[in-house]
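Just so it is clear, none of the values below were taken in a lab; they were calculated from the coordinates. This structure is a prediction, so every number in the text was calculated from the model and none was measured. Because the Cβ atoms are built from the backbone with ideal geometry, glycine has one as well, and the counts that use them run over all protein chains shown.
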C-alpha cells in the first residue's frame, strides 16, 4: 500500500512543472514585443538628430552663395579696372605707328623754295610770252605747296618710298623743271613725294 502513494506524487510535481514553465515562456514573449518600441524610439531620435545636420546643410549653400557673390563682386571690380587699364595700351601702341617701318627717315623742313619762283616765274628763252616752271625737286613739300598756291597753280601729289632724302621731299615733278608753260593756262603740276620709308 505505501508503494503506490509516491508514484502519483512524482506524477503531480511533473505536471506542475510543465505548467510553471508555460507562463515563464509567455512572459519573455510578452517582454519580446515590448522591446521593439525602445528600438523604434532610437531610430526616431536618430532621425531628429539627422534632421539637425540637414538644417546645418541648408545653411551651407547660403554661406557658399555669399562667398561666391563677394568673389564675383571683386572679380567685377578687377575686370572693370583691367578694362580701363587696357584703354591706354592701344593708344600707346598707336603712338609709334608713324615710325613702325625700320629705316624711316624724317623730313628736312629746311629745304624750302622762294615764293617769288612761283609768283614771278622766269621768262622762256624761246618764247617771251611763256614762262618756265621752277624746280620743286628736293624741296620740302609744305614749302612747295605754299609756293604753288601763291602762283595760282594746281598740283597733284603721288607718294614714293625712299629714305635717302627723307619724308616730304619732292623727288620728281612733271612737267619737268624749266619747262615752258602758258601763264594764262598753267598745267597741273604732278609731284612725287617721299614717304621716308625704305623702298620695297
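Report the FRET efficiency, 1/(1 + (r/R0)^6), for residue 164 and residue 188, where r is their Cβ-Cβ distance and R0 is 25 Å, rounded to 0.05.
0.40
How much of the DSSP beta bridge set in region 116-194 is antiparallel, as a percent to the nearest 5?
Percent antiparallel among DSSP bridges in region 116-194 is about 55.
Using mean Cβ contacts within 10 Å as the protection proxy, how do 136-149, 182-195 order, highest first?
Top to bottom by mean Cβ count within 10 Å: 136-149, 182-195.
Where Rh denotes the Kirkwood radius from the mean inverse Cα pair distance, what is Rg over Rh for region 116-194?
Taking Rg over the Kirkwood Rh, I get 0.99.
So if we plug the beta-carbon distance of residue 123 and residue 156 into 1/(1 + (r/R0)^6) with R0 = 25 Å, what FRET efficiency do we get, rounded to 0.05?
So the FRET efficiency works out to roughly 0.45.
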